[in-house]
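Here's the structure, in structure tokens; my notes come after.
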Amino acid sequence: MKILVVDDEADVQPLFLQRFRREIREHEFEFDFALSGEDALHYLHDKHSEVVLILSDINMPGMSGLELLSRIRHEYDAPPPMVMMITAYGDEENHRQAMERGANDFLTKPLDFTLLKEKLKTLSE
Amino acid sequence: MKKTIIFLTLITCFTGLHAQEQRVKKVEQDLKTHKQQDTLRVNRLNELQNLIVLPLDKADSMANEALLISRKLNYKEGEVESLIVLSRVIYRKNDQRQARSLLDQSIALAEKLDDKEHLANAYATMSSFNNLTGESKQALEYDFKSEAAAQKTQNKALISRRQAGISGLYATSVGDYTKAMEWALKAEKNAEEANDLNAMAGSWSAMATIFTNIGDQPNAIAYYQKALDANKKLGNQALEFNLLNRIGEMYRLTDKYPEAIKAYEEGLSKTQLPYNIELTQSNMADVYVRLNNLPMAFKYAFISLNSAKKINDTEGEEWIDGILARAYLKLNKPDSAIYYATNGYQKAIHTGTIEFKRDNSAALANAYNIKKDYNNAYKYYRLFISYRDSMSNAEVSNHTNLLQYNYSLAKKQAQITSLNQEKKMQYYFLAGSAGILILIGATGIVLYRSNRQKQKANTLLSKQKREIEEQRDQTNKVLADLKLTQNQLIQSEKMASLGELTAGIAHEIQNPLNFINNFAEVNKEMIEELEDELKNGNTDAALAIANDIKANEEKINHHGKRADGIVKGMLQHSRASSNVKEPTDINKLADEYLRLAYHGLRAKDKSFNAEMVTNFDPKLPQVEVVPQDIGRVLLNLITNAFYATQQKKKIINSDYKPTLTVSTALNGKSIRIKVKDNGIGIPDNIKDKILQPFFTTKPTGEGTGLGLSLSYDTIVKGHNGKINIESKEGEGSEFIIDLPLA
């Protein structure tokens with residue numbers, strides 16, 4: 001299962017690669033990364049058919065995660081990828097907006113990787 | 001600065017401003033010829049010490065002699081006086097306990113004798129001892145007792161001097177300028193009633209101190225000059241020296257170094273006392289350090305250090321050690337700096353003088369920092385902070401509002417002038433009519449009548465004079481009140497901007513902390529894997545994992561430092577400005593505050609978003625600025641810019657994309673910082689108002705209206721720079737800051 005992680009913090013990449021190293025080794029998951037909403041759209045433009053799940057931070061400079069979510073829901077509906085939003089501001093308003101714009105799930109920072117792993121595994125089954 | 005006050009209190013209190021040179025000669029002559037152990041000798045011995053400051057050994061033997069004789073003769077008044085004089089000498093020898101115990105004895109004796117005049121002097125001395133060790137509350141209590149005792153003597157000149165003393169304490173140690181002004185005015189009134197030029201000069205110099213402390217230089221200079229002129233009539237060189245030294249101090253502390261040097265040099269020509277010479281030369285050394293004229297700085301520092309040692313002026317040594325340490329720091333010789341600062345610091349611990357503990361610990365922190373001995377650097381930095389905070393440094397940072405109340409002052413003064421003119425006119429009229437009357441009759445009746453008229457007119461005139469004086473007093477009080485309020489407002493603006501930062505900082509710090517926790521957990525798992533591989537003998541796999549662990553450790557370290565930097569930045573922002581300019585990377589500073597402002601607003605308003613564009617010149621040279629001050633300006637401009645975009649977003653549809661651009665560039669001999677937004681812009685009719693204090697377009701309670709005016713002050717007055725504003729209503733604004741490189 002191919003997962004695209006969108007976050008402006010570059011160190012998110014090695015962190016995911018190491019947190020999921022067993023799953024990657026066993027080809028359960030495959031990760032790609034984008035450093036901004038704009039980056040993510042570029043990526044999807046070429047490879048949207050491969051990506052099953054998008055994990056996106058909400059609070060990024062430039063295009064926010066919520067905007068990215070709206071664009072994805074507008075432009076890529078066949079097949080629609082799953083989108084999970086991640087934010088440090090785990091407030092009602094963000095949650096409501098994310099759900100309204102069609103997010104599949106909503107996670108708050110700091111990420112609980114055990115929980116995330118379980119969620120991903122349920123999805124991939 | 002405190003050093004000056006020390007000497008001033010000593011001299012103005014105890015020499016009682018009567019130090020005419022001739023009297024000194026006469027007393028010295030009497031002491032040489034009159035060796036009999038009688039009350040006259042006791043009185044002369046004490047009088048001399050009240051007139052001038054003697055070298056320590058001589059002072060010691062004379063004070064002891066006076067005490068011995070007065071006790072032998074059972075001459076109680078002499079004993080009280082001798083005890084006070086001796087206590088001051090002992091204090092100079094740094095034996096505080098002994099000094100205070102002698103004073104206690106003199107107070108008890110004076111009370112028994114019901115000798116209010118000496119009681120007032122003893123309490124005043126106790127007050128200055130307490131003030132010298134920073135116990136300003138106790139100092140004030142003793143000064144009140146001293147004034148109460150003086151009141152009972154009915155001696156208005158003495159009362160005036162004690163009131164001037166209280167004023168001085170309020171102005172320099174307590175920082176309550178309103179109270180200081182009230183007492184100075186009382187002192188002036190009593191001095192006028194006593195018609196005592198000495199006491200008048202004392203009250204004027206108290207007022208000058210207040211004006212100095214509230215940053216009103218023109219008035220401070222005016223009052224010092226008044227005191228100085230009065231003093232020239234009295235021929236008291238000792239006081240002339242003190243006033244010149246104070247003027248020098250004022251210039252020194254307001255960075256007007258050439259003027260300071262001039263005043264110090266003139267002061268030097270008025271004194272032969274080793275003490276005064278040392279004080280002045282050490283102050284000159286400090287000025288030369290600040291001027292980066294290190295050869296002159298070292299010259300005066302070493303001369304004055306030698307004299308300080310010779311005359312046992314330990315506090316002087318502490319002060320000069322600190323100057324030398326700073327000079328060596330400028331030469332980048334941290335070892336020498338540590339040598340002198342350690343000396344000064346240890347002595348300051350011994351004498352308990354907070355100011356010099358503070359200065360020397362700051363120098364030590366800097367020196368250890370250069371040596372990369374961060375343990376010690378941190379230790380002294382913390383000490384420095386605690387000393388600095390324990391001193392109530394009523395820091396007057398700028399003059400934004402001076403204009404406002406100068407306006408009301410000018411209005412009052414115009415009234416006073418017109419009243420004065422009226423008074424003059426009436427005077428001419430009266431003189432004229434008196435002349436005519438004499439011409440007409442010159443009879444007794446006419447003379448009698450004219451005399452009565454004159455009396456009436458005089459009553460009228462003195463009534464008017466009283467009114468004018470009352471108005472002047474009121475104005476001065478209002479002035480001091482306003483200054484206090486202004487300082488409180490500036491502080492509250494700083495706190496408000498800190499509040500805006502807090503949320504941003506919390507967010508900024510959350511990310512590195514998450515990384516630290518995550519990578520630490522990953523490493524724990526990987527170490528277990530490493531152990532498994534080693535047990536199975538898979539060396540290559542084990543080495544690969546070890547490499548990953550190492551890389552992760554570096555990341556932990558990196559994010560730890562990142563969090564550390566954020567906390568440091570926050571501490572710097574909340575701290576009162578140190579006013580120390582240091583080479584600063586403006587790109588880094590701008591980036592930091594842009595992020596903080598963004599996250600701060602983001603935390604307050606979840607729907608907030610804006611595109612941030614940075615055009616930083618990578619070749620931008622560092623520039624000497626006070627980083628937290630410039631940071632505060634940037635924070636203010638950026639927050640305003642974001643606010644302008646959010647206002648626009650409320651008005652127009654969702655096609656609008658809020659954008660903020662921060663750029664830096666080298667522009668000739670200055671650095672240009674631009675903060676540009678595409679927000680609502682500034683309407684033409686308020687363009688010339690936005691830099692005024694208290695002007696705000698935000699709803700009541702949201703803005704202090706001080707942000708931009710403080711920014712203007714920081715850039716223009718604090719850094720010799722410029723702020724320009726370009727704005728079109730409805731299209732956006734651009735704030736352009738120019739900071740000169742040198």
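The values are calculated or read from the model by the stated rules, or taken from the named source; none is laboratory data. Fair warning: this is a prediction, and the values are worked out from it, not measured in the lab. For neighbour counting, all protein chains shown are included, and Cβ atoms are generated from backbone atoms with ideal geometry for every residue, glycine included.
Tabulated data for the structure shown
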quantity	calculated
Pairs, first touching a residue at least 40 places away in the same chain (Cβ under 8 Å) and within 14 Å of chain A (Cβ to nearest Cβ) in segment B:604-632, second among the charged types (D, E, K, R) and in a loop (DSSP other than H, G, I, E, B), C-beta under 7 Å, six or more apart	B:E611/B:K657
Hits in segment B:527-548 (condition: buried (at least 18 other Cβ atoms within 10 Å of the Cβ) and either closer than 30 Å to B:G565 by Cβ or within 9 Å of chain A (Cβ to nearest Cβ) (or both))	B:D548
Test: residue in segment A:66-75 that is in contact (Cβ under 8 Å) with a residue 24 or more places away in the chain, more than 13 Å from chain B (Cβ to nearest Cβ) and either crowded, with 18+ Cβ neighbours inside 10 Å or at positive phi (or both)	yes
Failed criterion for B:P618 (all others in (1) modelled with pLDDT of 90 or more; (2) under 33 Å from the mean Cα position of the chain (by Cα) hold)	(2)
Residues of segment B:603-623 that turn out to be part of a loop (DSSP other than H, G, I, E, B), among the small types (G, A, S) and surrounded by 16 or more Cβ atoms within 10 Å (Cβ to Cβ), as a count	1
Test: residue in segment B:103-119 that is of a type in the set (V, I, T) and in contact (Cβ under 8 Å) with a residue 60 or more places away in the chain	no
Which numbered condition B:G600 misses (of (1) within 14 Å of chain A (Cβ to nearest Cβ); (2) modelled with pLDDT of 90 or more; (3) crowded, with 19+ Cβ neighbours inside 10 Å)	(2)
Scan of segment A:28-51 for residues that are in contact with a Lys or Arg (Cβ under 8 Å, 6 or more places away or on another chain), surrounded by 16 or more Cβ atoms within 10 Å (Cβ to Cβ) and at pLDDT below 90, ordered by number	A:V51
Some residue of segment B:653-667 being in a strand (DSSP E or B), within 14 Å of chain A (Cβ to nearest Cβ) and touching a Gly at 6+ places or on another chain (Cβ under 9 Å)	yes
Subset of segment A:14-51 (residues that are of a type in the set (A, V, I, L, M) and either out of contact with any helix residue (DSSP H, G or I) (no Cβ under 8 Å at 6 or more places or on another chain) or within 14 Å of chain B (Cβ to nearest Cβ) (or both))	A:L15, A:L17, A:I24, A:L35
Tally, over segment B:512-525, of residues that are at the interface with another protein chain (Cβ under 9 Å from one of its Cβ atoms) and surrounded by fewer than 18 Cβ atoms within 10 Å (Cβ to Cβ)	4
Selection within segment A:101-120 - over 14 Å from the mean Cα position of the chain (by Cα), part of a helix (DSSP H, G or I) and away from chain B (no Cβ under 11 Å)	A:L115, A:E118
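Residue by residue, here is whether (1) of a type in the set (A, V, I, L, M); (2) modelled with pLDDT of 90 or more holds:
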{"position": "B:L253", "(1), (2)": "yes, no"}
{"position": "B:K262", "(1), (2)": "no, yes"}
{"position": "B:T271", "(1), (2)": "no, no"}
{"position": "B:N283", "(1), (2)": "no, yes"}
{"position": "B:F302", "(1), (2)": "no, yes"}
